[in-house]
Structures are given as C-alpha cells and as structure tokens.
Amino acid sequence: MLGPGPYGVAAMATTVVSLGSIFALLGMDTAYTRLSLQLEFRNRRQVESFCWRTCCMAALIGAVVIGSAWYFYGEFWLPKDYLVVTAYSTFAIILFPLVSLATARARIHERYGRLAFAILAGAISSSLVSISVAKLWRADAFTLLLGYISFPLVTFLILGLPRLSTIKNASDISPETRKLAWRFGIATSITAPAYWIISSADRWFLVEFTSTSQVGIYSTSASIALLGLILNTSLNSVWLPEATRAYEKNQVASLESLGKTWQLMITLLALIWLTVTAAGGDIIRFLTPSQFHSGAQYIPWLAGGVFFYGLATLCSAPFFIKHQMGKLALLWLISALFSLFLNYLLVPEHGPDGAALVQTISFLLLAVLVFFLSRKILPFPTNWGRLVPCLILSLVAGLIMQGEWHMNPLASMALKLPCGVAVVFLVCRFINFSIWSINRD
C-alpha cells in the first residue's frame, strides 16, 4: 500500500528513537535485573524505586531534547514528514524506556507468561493499527509510525507499573548499592549505543549516499532478516537472569547445566539463521511489490549479523554474573568504531550491499572478542565435537537454499521445506546425542 518512501522515513525516525531511548534508559533495566537477583527483599524495593525514578526523569528529558531537535532541524532531512516524526519521537522516547523496565520487572518476578502475552498483544495491535489506517484513512509515514507507537503502549498497559509509592517516594538506597547500580547502568549505556551504531547507523550512511527509497527497501529486508532477533531476544531475556540465579545457588554444580543450555541455544540460533536465509527472499517476493525484491540479496548477510549478535549476547553471561560489564562495554565500543569505519569505507561505493556486509563483519568481530574473553572469566563446558558440525551443516544448508528455487515464491518455499526439515532433524538429533553424552560422562 505504501511503497519504499514511507518505510525510509519511518526507518530514519525509529533509528533516532532507538538511540534516544537508550540514553533515556541509562542502563537501569540491567542494573534493576542484576541487583534484584542478589539482594534481599527490602533492598530490592529500594533498587526498584531508584531505577524507576531515574528512568522516568531521564525519559522526560530525552523526549524534550529529541522532540525539539526534530522540530527545529528535522525539515533538513524530512521536509514533508518532520512534524509527524517529532510527535512520534516525543511519545516513543517516553514509552520505550518504561517498557524496558516493565519487562525487566516481569523477568525478575518470573512472569514470563504475562510478558509473552504483552509482547504478542503489542505486536498484533501494531500491525492492525497500521493496516487499518492505511486502508481507511491515509497511506504515508504517519500510518507506520502510528502502528509503531501502538506496540510499546499496549505492552506497557498490560505489564503495568510498580506501586505508585515506588516511583513517588525517594529511594533510601545505600551509597554502595547506588554505586553498583550506576556501574551496571554506565556499562549498558555504552553497549546499547554501540549496538545502535552497528545495527542502525548504516541507514544514515545510506540516506546520505543513496536515497530514502533505497533506505526503505533495505529496512524492509532488514525487518525480514530480524525475525531471528525475536527468538534471540526471547532467549536472552530469560538466559541472563536464570543463568545468574543458577550460578548464585551453586557455583560449581551449575556450570555443567549452563554449558548444556548455552550449547543448545547457539544451535537454535544457527537453525533460525538457516530458516530466515532460506525463506527470507521468498517472503519478500510474496509480500511486497517488485520494487522491494532487490532487497532479498541482503537477507543472508543481515541474518548472519543477527546470529553473531545472538552469539555475543549468549557469551555475555560471564560478564553479567561476575560484575565485569565494563570489559564487555569496551569490546562493544571497539566493534562499534570498527563498524563506523567500514560503513564510511563501503557504503558510498557499494550502497546497501556494503551496509549488509558491514553488519555481519561487525557483529562477527564482537562475537569473537566476547567469546574469547568470556572463556577466561567463566568458561562453560562445551562439547565442540558436536556443536561445530551442527553449525557447519546449518551454514552449508543456508548457502544452498538462499536462492530462488521456483519463480513462484510459495512454490519455492514448498520445494525448500523438505530439505530444511531434514537438516533441522539431523542437527537436533546430533545435538541431543551431545547432551546425552555429557550427562553420561
């Protein structure tokens, strides 16, 4: 209904909101989660009060700053849509940090069912709002942005706030705990913008050296490639708090269990890469008009970036458990600077192809750095003889199935399905034997 242009405008708006939300959050979700898992109830309430009050104040300031910036300077980049983007950015930068804290609160209290329902309801409402507005009212960037703001609003309404007194009353958190909270917050405030640089800054290079329509095509392909990020986020939202709980209870006995879980999740991420790579191009050809179809070639690279990001996040658990987030932040900073350099080098000449390649290389560098340093901090037992062949088999299968097997996209996916199912079966069978082998030993 819309064409590439509005998607390009929406991509520009959401990248700024992502960055603004990161600074408004100040890493308080990470501090909230980590400290709540190790402190007794009374101190946990104090930490909750400190994190929520800090985040609410920062979100209001961030909304004013970003909203004002779009209002006064947005006409330079988006002359027709800057007022709509201003309104969207102002509300979104308030909502997204609050949703992050509400999500952290749900994980701390192990309300995973309610969290899943809230995210699902938010996603469905976002799609329904965009489609309804496009059919009944208008078909431009406003349509997309209205749908985008529906997601955090519905999610937040379902998850809810803590008690009003938690936000209203000042926290009497101890200086030591406050210092520790800021240590986690500052480290996350470095890693989160670094993630934004690697995953989103390429849009700004593209709009500078290509066009808004090219950004729209690239962003649409990225939205398909980022389907793997759904699983990635789901796994890691549970992995970090539950791994910490297990390690806090029994530091020695938990390592074997954590190693098995870590190994299985990496294999699962590889299978998701295989699925997205094999079906992504066909999905774009099926769901979008012809002007979007050139974006199918970017999907394997962008999905590869998602895989390596997931690997880096899974390997971050030792940093989280051992209170060494500062070292992790440094690795993220190195990777982000490397990403900026590569974007500057490749995007002007190679456009979206260069941007997609940069994402894969940058997240690969991050995964390698995080992996090797995490093994020195807290190595999880791993059966490499089982894990590596599973990864290689997934890679080879993805490379074979990434292309178009039939002119009809549905027929192409149907032809690939038996091969994909066979590969998934073999990998799962192989990795299950690995778990049995570890248990036997």
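The values are calculated or read from the model by the stated rules, or taken from the named source; none is laboratory data. The model shown is predicted, which means the values in this text are computed figures rather than measured ones. Every residue, glycine among them, receives a Cβ derived from its backbone with ideal geometry; neighbour counts consider all protein chains shown.
Check MET12, MET1, MET28 and return the single one that is surrounded by fewer than 19 Cβ atoms within 10 Å (Cβ to Cβ) and either touching a helix residue (DSSP H, G or I) at 6+ places or on another chain (Cβ under 6 Å) or of a type in the set (A, V, I, L, M, F, W, C) (or both).
Values: MET12 fails: surrounded by fewer than 19 Cβ atoms within 10 Å (Cβ to Cβ); MET28 fails: surrounded by fewer than 19 Cβ atoms within 10 Å (Cβ to Cβ).
That would be MET1, the only listed residue that is surrounded by fewer than 19 Cβ atoms within 10 Å (Cβ to Cβ) and either touching a helix residue (DSSP H, G or I) at 6+ places or on another chain (Cβ under 6 Å) or of a type in the set (A, V, I, L, M, F, W, C) (or both).
When you go through (1) assigned by TED's automatic domain parsing to the domain that holds SER335; (2) among the hydrophobic types (A, V, I, L, M, F, W, C); (3) surrounded by 20 or more Cβ atoms within 10 Å (Cβ to Cβ) one by one for ALA253, which number turns out not to apply?
Going through (1) assigned by TED's automatic domain parsing to the domain that holds SER335; (2) among the hydrophobic types (A, V, I, L, M, F, W, C); (3) surrounded by 20 or more Cβ atoms within 10 Å (Cβ to Cβ) one by one, ALA253 breaks only (3).
Yes/no matrix, rows are residues, columns are (1) hydrophobic (A, V, I, L, M, F, W, C); (2) in a helix (DSSP H, G or I); (3) more than 19 Å from the chain's Cα centre (by Cα):
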position	(1), (2), (3)
TYR298	no, yes, no
VAL306	yes, yes, no
TYR309	no, yes, no
ALA312	yes, yes, no
LYS327	no, yes, yes
SER339	no, yes, no
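For the stretch 170-198, which residues satisfy the criterion of being in contact (Cβ under 8 Å) with a residue 12 or more places away in the chain, over 15 Å from LEU333 (Cβ atoms) and not basic (Lys, Arg)?
Restricting attention to the stretch 170-198, the residues satisfying the condition of being in contact (Cβ under 8 Å) with a residue 12 or more places away in the chain are 170-174, 177-178, 180-198.
In the following step, the residues that additionally are over 15 Å from LEU333 (Cβ atoms) were identified as 170-174, 177-178, 180-185.
Within the stretch 170-198, ALA170, SER171, ASP172, ILE173, SER174, THR177, LEU180, ALA181, TRP182, PHE184, GLY185 qualify.
Among the residues that make up the stretch 332-355, is at least one of them touching a residue at least 12 places away in the same chain (Cβ under 8 Å) and closer than 21 Å to LEU274 by Cβ?
For the stretch 332-355, residues touching a residue at least 12 places away in the same chain (Cβ under 8 Å) and closer than 21 Å to LEU274 by Cβ: absent.
For the condition within 17 Å of PHE308 (Cα to Cα), at pLDDT 80 or above and not aromatic (Phe, Trp, Tyr), what is the one hit in THR220, THR261, THR277? Give the derivation first.
On the way: THR220 fails: within 17 Å of PHE308 (Cα to Cα); THR261 fails: within 17 Å of PHE308 (Cα to Cα).
So the residue among THR220, THR261, THR277 that is within 17 Å of PHE308 (Cα to Cα), at pLDDT 80 or above and not aromatic (Phe, Trp, Tyr) is THR277.
If we scan the stretch 172-179, do we find a residue that is under 18 Å from the mean Cα position of the chain (by Cα), of a type in the set (A, V, I, L, M), surrounded by 17 or more Cβ atoms within 10 Å (Cβ to Cβ) and over 21 Å from THR15 (Cα atoms)? Full working, then the answer.
Our first condition is that a residue be under 18 Å from the mean Cα position of the chain (by Cα); within the stretch 172-179, this holds for none.
No, the stretch 172-179 has no match at all.
Quick check: anything in the stretch 189-201 among the aromatic types (Phe, Trp, Tyr), at pLDDT 80 or above, over 24 Å from ASP29 (Cβ atoms) and out of contact with any Lys or Arg (no Cβ under 6 Å at 6 or more places or on another chain)?
The answer is no; no qualifying residue exists.
How many residues are in a helix (DSSP H, G or I) and touching a residue at least 40 places away in the same chain (Cβ under 8 Å) if we restrict to the stretch 147-164? Reasoning before the result, please.
Step one: filter the stretch 147-164 for residues in a helix (DSSP H, G or I), giving 147-159, 164.
Next, only the ones that are touching a residue at least 40 places away in the same chain (Cβ under 8 Å) stay: 148-149, 152-153, 155-156, 158-159.
Looking only at that region, the number is 8.
Residues of the stretch 394-427 being closer than 15 Å to LEU268 by Cβ, surrounded by fewer than 18 Cβ atoms within 10 Å (Cβ to Cβ) and in contact with a helix residue (DSSP H, G or I) (Cβ under 8 Å, 6 or more places away or on another chain), which ones?
Scanning the stretch 394-427 gives LEU395, VAL424, LEU426.
Quick check on the stretch 158-178. Is at least one of its residues in contact with a Leu (Cβ under 8 Å, 6 or more places away or on another chain) and of a type in the set (S, T, N, Q)?
Within the stretch 158-178 (the criterion being in contact with a Leu (Cβ under 8 Å, 6 or more places away or on another chain) and of a type in the set (S, T, N, Q)), the answer is yes, since at least one residue qualifies.
Quick one: which residue in LEU128, LEU120, LEU101 is at negative phi, in a helix (DSSP H, G or I) and buried (at least 20 other Cβ atoms within 10 Å of the Cβ)?
Values: LEU128 fails: buried (at least 20 other Cβ atoms within 10 Å of the Cβ); LEU120 fails: buried (at least 20 other Cβ atoms within 10 Å of the Cβ).
Just one listed residue meets the conditions, LEU101.
Any residue in the stretch 132-140 that is small (Gly, Ala, Ser), in a helix (DSSP H, G or I) and in the same structural domain as THR103 (by TED's automatic domain parsing)?
Just the residues of the stretch 132-140 that are small (Gly, Ala, Ser), to begin with: 132, 134, 139.
Okay, now just the ones that are also in a helix (DSSP H, G or I), so 132, 134.
Among the residues that remain, those that are also in the same structural domain as THR103 (by TED's automatic domain parsing) are: 132, 134.
Yes; the residues of the stretch 132-140 include at least one that is small (Gly, Ala, Ser), in a helix (DSSP H, G or I) and in the same structural domain as THR103 (by TED's automatic domain parsing).
Please work out if LEU78 is of a type in the set (A, V, I, L, M) and modelled with pLDDT under 90.
Working: of a type in the set (A, V, I, L, M): yes; modelled with pLDDT under 90: yes.
Taking the combined requirement at face value, the residue satisfies it.
Is the stretch 72-85 home to any residue that is under 24 Å from the mean Cα position of the chain (by Cα) and either in a helix (DSSP H, G or I) or in contact (Cβ under 8 Å) with a residue 24 or more places away in the chain (or both)?
Let us first name the residues in the stretch 72-85 that are under 24 Å from the mean Cα position of the chain (by Cα), namely 85.
Next cut, either in a helix (DSSP H, G or I) or in contact (Cβ under 8 Å) with a residue 24 or more places away in the chain (or both) only: 85.
Yes, the conditions are met somewhere in the stretch 72-85.
Looking at the stretch 259-272, I want the residues that are touching a residue at least 40 places away in the same chain (Cβ under 8 Å) and have a partner that is of a type in the set (Ser, Thr, Tyr) and not in a helix (DSSP H, G or I) with Cβ atoms under 8 Å, at least 6 apart or on another chain. Which pairs are those?
Matching pairs, first to second residue: GLY259/THR382; TRP262/THR382; GLN263/THR382.
Take the stretch 1-33 and flag every residue that is touching a Cys at 6+ places or on another chain (Cβ under 6 Å) and aromatic (Phe, Trp, Tyr).
Matches in the stretch 1-33: TYR32 only.
Would you say THR360 is out of contact with any Pro (no Cβ under 7 Å at 6 or more places or on another chain), hydroxyl-bearing (Ser, Thr, Tyr), surrounded by fewer than 20 Cβ atoms within 10 Å (Cβ to Cβ) and in a loop (DSSP other than H, G, I, E, B)? Don't jump to the end; show me each part of the working.
Values: out of contact with any Pro (no Cβ under 7 Å at 6 or more places or on another chain): yes; hydroxyl-bearing (Ser, Thr, Tyr): yes; surrounded by fewer than 20 Cβ atoms within 10 Å (Cβ to Cβ): yes; in a loop (DSSP other than H, G, I, E, B): no.
Against the criterion (out of contact with any Pro (no Cβ under 7 Å at 6 or more places or on another chain), hydroxyl-bearing (Ser, Thr, Tyr), surrounded by fewer than 20 Cβ atoms within 10 Å (Cβ to Cβ) and in a loop (DSSP other than H, G, I, E, B)), THR360 does not qualify.
State all residues of the stretch 223-243 that are over 16 Å from the mean Cα position of the chain (by Cα) and either over 25 Å from PHE363 (Cβ atoms) or surrounded by fewer than 20 Cβ atoms within 10 Å (Cβ to Cβ) (or both); if no residue qualifies, say none.
To start, the set of residues in the stretch 223-243 that are over 16 Å from the mean Cα position of the chain (by Cα) comprises 241-243.
Across the stretch 223-243, the qualifying residues are PRO241, GLU242.
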